[in-house]
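Some notes on the structure that comes next.
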Amino acid sequence: MEYNFKDLEAKWQAEWQKQQTYKVDVDSSKPKFYVLDMFPYPSGAGLHVGHPLGYIASDIYSRYKRLCGYNVLHPMGYDAFGLPAEQYAIQTGQHPADTTEQNIARYRSQMDKIGFSYDWSREVRTCEPGYYKWTQWAFLQMFGHFYNNLTDKAESIDSLVAHFAAHGTEGVDAACTEPLVFTAEEWNSWDEKKREEVLQNYRLAFRADTMVNWCAELGTVLANDEVKDGLSVRGGFPVVQRKMKQWLLRVTAYAPRLLEGLDKLEWSESLKEIQRNWIGKSTGAQVFFDIEGSEKKLEIFTTRPDTIYGVTFMVIAPEHEWVKELTCSDAQADVEAYLEATKKRSERERIAETKRVSGVFTGSYAINPFSGKRIPIYVSDYVLAGYGTGAIMAVPAHDSRDYAFARHFGLDIIPVVEGGNIEVESYDAKEGKLINSDILNGLDVKEAIVKMWDEIEARGLGKRKVNYRLRDAIFSRQRYWGEPFPVYYKDDVARPLSADQLPLELPPVSEFTPTSQGEPPLARVESWHTAEGYPYETSTMPGFAGSSAYYLRYMDPHNSEALVSTEANTYWRNVDLYVGGIEHATGHLIYSRFWNKFLFDLGVICEDEPFRKLVNQGMIQGRSNFVYRIVGTNKFVSLGLKEQYETQEIHVDVNIVKNDVLDLDAFRAWRPEFRDAEFVLENGKYVCGWAIEKMSKSMFNVVNPDYIVENYGADTLRMYEMFLGPLEQSKPWDTNGIDGVHKFLRKFWSRFFDKEDNFCVSEEAPTPAELKILHKTIKKVREDIENFSFNTSIPAFMICLNELGVCNKRAILEPLCVLLSPFTPHITEELWHLLGHEDSICTASYPEFNADYLVENSFEYPVSFNGKMRFKKELPLGISNAEIEAAVLADPAAQKWTEGKAPRKVIIVPGKIINIVL
RNA sequence: GCCCGAAUGGUGGAAUAGGUAGACACGAGGGACUUAAAAUCCCUCGGCCCGAAAGGGCUGUGCCGGUUCGAUCCCGGCUUCGGGUACCA
């Protein structure tokens, strides 16, 4: 019988759906295992072959774990709110809900054809009210909580209010936007509006005037991870800094825990490193500098307090709140001109001009608290308002930026650490002996830093401090297609809806552009207010809102009483294996961890990290093909001959090229202008050129999984995607090699049929040699799956089949079927039933490796002389090294190399190698 | 600039407690079967050299050096490519 993958795959996909083969429920009799894919954003372009790579890997692992006796939760859903659907709506007028629905249907049909073992009864969509009810609920919880640094967890804002009423800020250590000090009397004397303003300083979800990334083309603000090189990640539009009132999440409150938590996770080192850098912990000191002729003290942050004797000037950021105060009257015009010029520069220009030194003197002086020296205060945009205190002490001798600034303005450069050549450049390294530094002289840099921490604290000049690069996440977007905020405004004070008013549903609109006043689309909706007429927030939540806790919702997707029931959560706990792209390292994967830790503090869930193990699949690039048209003609010349003509390179659809050879008829049919194309062939073939590029429509190198499924079957697609190379590596898609795995499947299939094409397996007992081959394969495949080396387990199957030859014994083929089933579920399910089983192959158990079959009693030693392999000698195992040595040296082949002389040394590793040193 | 990671045939890639480099597959060439094609099967394929052949020798995992009986693997120094990040004090 022929391997008819088309009928067979359709048949089993229908059957699995009918039998609900992959549905799972809480089952305390079995250990759980949770395998999760990053759910896709359903874009209009559909899936290309790159998208399913991670899904296939996680599906193999899920099926493997299921066969090993685990109760496996393997769900799928859609991250359905987002910018592209809305941009598309602006262009076409189609409602995002409609296009999203269509795209989801397309994604689903493409995924179904690949034979994934998802439990679709648990599907979630972030844009559905039943789902985003819990996104809104979590937001309200954040609004209602603050972060207590003393207990190191989120606590109810009510307890903070009670504390303020009784003691003011005395004894409070909470994460906040800026430190506040007030008494209970003050608090009690304030009205509600003033109190709420103060509370915004502590809430984990809060509103604040803040510098934001404003993208005019998109008409919205963007989070830091949505901006790269001063351009929006989506669309590549310029982004400028602007101060605006926005909703934010106090992610920074969790910075220490987000950092420490990484150590316990089984994530790749590179990914953890990206997160560590993004969180950016630096330990240093806060120091206050007196200002000449003022009561005020200028606060700075430095990681190099040891260099304080080398401070020759101070710099504050243009946005620093004391710029005006510190500016003397005769410097006023210059400073204002500088501020104006700085404001105009876009983020992109700032980045492009990092080498250019600019700044202006304020006319004020600070006093070095250690040396007592008078030092000028400058304003420059190389100091950022958002980091540290927005002011620095400048040590030009030991900081390259300060050095450039000092050189430009002719300021003093005093070396305080030995080393480097101060005439040419600053010496930034943290090693060497201190000089010119009074009490620090002679100390090592590291010792000096520690001593200064003590000195600064002892003299009351400041204290040790830890700073993080991580910023609070801007949480509002001036868009339509996102979750509405469950808040309304009364007297300009944001007030939360109560939990029973959720979800606050997104109302329909007909226009998706900002209003003429530049307000978000929701401002157009006349009914967008509470029953009492108080207006709702018109911004919506950003993309990461809906994706931050979706993995929890899968545990209990239909629960209308809670995000997730305690029962479901304590059983499924957290994700054991998360598979997805590395591009989410500083976005989703940070926010999700934050969100999870917050819910953990609330006691809603039982694990404080969401994703125990994480695997990043690589990107699949496209492989483009080219044809070469002789300029001015409709004649095309093959690759090897193109140098003889003046040609023009044209992208050609990779689907009409096979092994870089063009299908001429298909090419003529491809586009009308090529209908009469002529060709200059080499060896009767037209050979195309190729290049590795991004997979995109305009390069004609998009390979659609449907096409592969149609022509080779889903099992071949699954296996080939894994065979392509290591999962975590980026690699180009190349359909050329696909015949190899397809051939393997046909060959495997044919083992079950005799010459007359009847299903036929032998009941004969397997030989020791056959068992050895089988168990060698079991061992290899099990190890590979556990290590995610799917690419190396496929050769193991191929070798197994080659070594077995024509063996058609049930005792060998049946376990092989199970072994193979995670990779190629359809063909193995069919064979499993032909073998006489009634239940799905999913109910089988994965074959155990039995070491007894692999016991060897002799070994063919490679014998090398001075490390160079010369011949092989088969010797029994278990004999002594002396016996091995004697046997080898007696061999005529060895005597040829020793030439009768006794070797200097013989190294024997039993079962591995014999090396003779002459 | 700083921090990670990588480099192996015509191609994708195997191989690490340091022990036969190039598994497996693609591709190419040759052959068998066939009226023919498809399908299937067999042989050869890193480079250089000796040999009619069988076979044999040298060399070879980006470059230079080190440790070792032995290095694709460990150490030091480079080169190139990829990723992250950047006036973060």
Q: With respect to A:GLY130, determine if the residue is outside any helix (DSSP H, G or I) and either touching a residue at least 24 places away in the same chain (Cβ under 8 Å) or within 26 Å of the chain's Cα centre (by Cα) (or both).
A: no
Q.
I need the full set of residues from region A:775-810 which are more than 13 Å from A:ARG751 (Cβ to Cβ) and more than 15 Å from RNA strand B (Cβ to nearest atom), in order please.
A. A:HIS775, A:ILE778
(Q) Take A:ALA811 and tell me if it is under 24 Å from A:ILE773 (Cα atoms), in contact (Cβ under 8 Å) with a residue 24 or more places away in the chain, in a helix (DSSP H, G or I) and of a type outside the set (Asp, Glu). (A) yes
Q) Taking A:ARG593 and the conditions (1) closer than 23 Å to A:PRO84 by Cα; (2) touching a Phe, Trp or Tyr at 6+ places or on another chain (Cβ under 9 Å); (3) assigned to a helix (DSSP H, G or I), which numbered condition does it fall short on, given that it satisfies the others? A) (1)
**Q.** Residue check for A:GLY836: of a type outside the set (A, V, I, L, M) and within 16 Å of RNA strand B (Cβ to nearest atom)
**A.** no
Q | Every residue from region A:852-878 that is surrounded by 13 or more Cβ atoms within 10 Å (Cβ to Cβ), within 12 Å of RNA strand B (Cβ to nearest atom) and among the aliphatic types (A, V, I, L, M) | A | A:VAL863
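The rows are residues; the columns are (1) in contact with a Pro (Cβ under 9 Å, 6 or more places away or on another chain); (2) hydroxyl-bearing (Ser, Thr, Tyr); (3) under 17 Å from A:GLU830 (Cα atoms); (4) touching a residue at least 12 places away in the same chain (Cβ under 8 Å).
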{"residue": "A:ASP715", "(1), (2), (3), (4)": "yes, no, yes, yes"}
{"residue": "A:GLU721", "(1), (2), (3), (4)": "yes, no, no, yes"}
{"residue": "A:GLN729", "(1), (2), (3), (4)": "no, no, no, yes"}
{"residue": "A:GLY737", "(1), (2), (3), (4)": "no, no, no, yes"}
Q) Taking region A:62-105 only, how many residues are of a type in the set (A, V, I, L, M) and assigned to a strand (DSSP E or B)? A) 2
Q. Within region A:188-207, can one find any residue that is among the aliphatic types (A, V, I, L, M) and in contact (Cβ under 8 Å) with a residue 60 or more places away in the chain?
A. yes
Q: Please identify the pairs in which a residue from region A:749-765 that is under 17 Å from A:GLY836 (Cα atoms) has its Cβ atom under 6 Å from the Cβ atom of a residue that is of a type outside the set (S, T, N, Q) and within 12 Å of RNA strand B (Cβ to nearest atom), counting only partners at least 6 apart or on another chain.
A: A:TRP749/A:TYR3
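For every residue, the table says whether it meets (1) under 30 Å from A:TRP120 (Cβ atoms); (2) among the basic types (Lys, Arg); (3) modelled with pLDDT of 90 or more; (4) surrounded by 14 or more Cβ atoms within 10 Å (Cβ to Cβ).
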{"site": "A:PHE475", "(1), (2), (3), (4)": "no, no, yes, yes"}
{"site": "A:PRO486", "(1), (2), (3), (4)": "yes, no, yes, yes"}
{"site": "A:SER498", "(1), (2), (3), (4)": "no, no, yes, no"}
{"site": "A:GLU505", "(1), (2), (3), (4)": "yes, no, yes, no"}
{"site": "A:PRO514", "(1), (2), (3), (4)": "no, no, no, yes"}
{"site": "A:GLU526", "(1), (2), (3), (4)": "no, no, yes, no"}
{"site": "A:SER539", "(1), (2), (3), (4)": "no, no, yes, yes"}
Q: For A:THR389, work out the one condition from (1) part of a loop (DSSP other than H, G, I, E, B); (2) within 18 Å of A:ILE291 (Cα to Cα); (3) modelled with pLDDT of 90 or more it doesn't fulfil.
A: (3)
Q.
What pairs come out if I take residues in region A:640-655 that are at pLDDT 85 or above and assigned to a strand (DSSP E or B) and pair them with residues that are loosely packed, with under 15 Cβ neighbours inside 10 Å and of a type outside the set (Asp, Glu) whose C-beta lies under 7 Å away, six or more apart or interchain?
A. none
Q. In region A:295-321, what residues are farther than 18 Å from A:ARG464 by Cα, within 12 Å of RNA strand B (Cβ to nearest atom) and over 34 Å from the mean Cα position of the chain (by Cα)?
A. A:GLY310, A:VAL311, A:MET314, A:VAL315, A:ILE316, A:PRO318, A:HIS320
Q: Would you please name the residue that is surrounded by the fewest Cβ atoms within 10 Å (Cβ to Cβ), looking only at residues in region A:739-768 that are of a type in the set (A, V, I, L, M) and under 20 Å from A:PHE116 (Cα atoms)?
A: A:LEU745
Q.
Out of everything in region A:604-639 that is among the small types (Gly, Ala, Ser) and closer than 30 Å to A:SER62 by Cβ, what residue ends up being modelled with the highest pLDDT?
A. A:GLY618
Q: Could you check how many residues of region A:618-639 are part of a strand (DSSP E or B) and within 16 Å of RNA strand B (Cβ to nearest atom)?
A: 6
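Looking only at region A:161-220, how many residues end up being among the hydrophobic types (A, V, I, L, M, F, W, C), in a helix (DSSP H, G or I) and under 40 Å from the mean Cα position of the chain (by Cα)?
Summing the residues that are among the hydrophobic types (A, V, I, L, M, F, W, C), in a helix (DSSP H, G or I) and under 40 Å from the mean Cα position of the chain (by Cα) in region A:161-220 gives 3.
The values are calculated or read from the model by the stated rules, or taken from the named source; none is laboratory data. Values in this document were obtained by computation on a predicted structure and should not be read as measured data. Neighbour counts run over all protein chains shown; Cβ positions are idealised from the backbone, glycine included.
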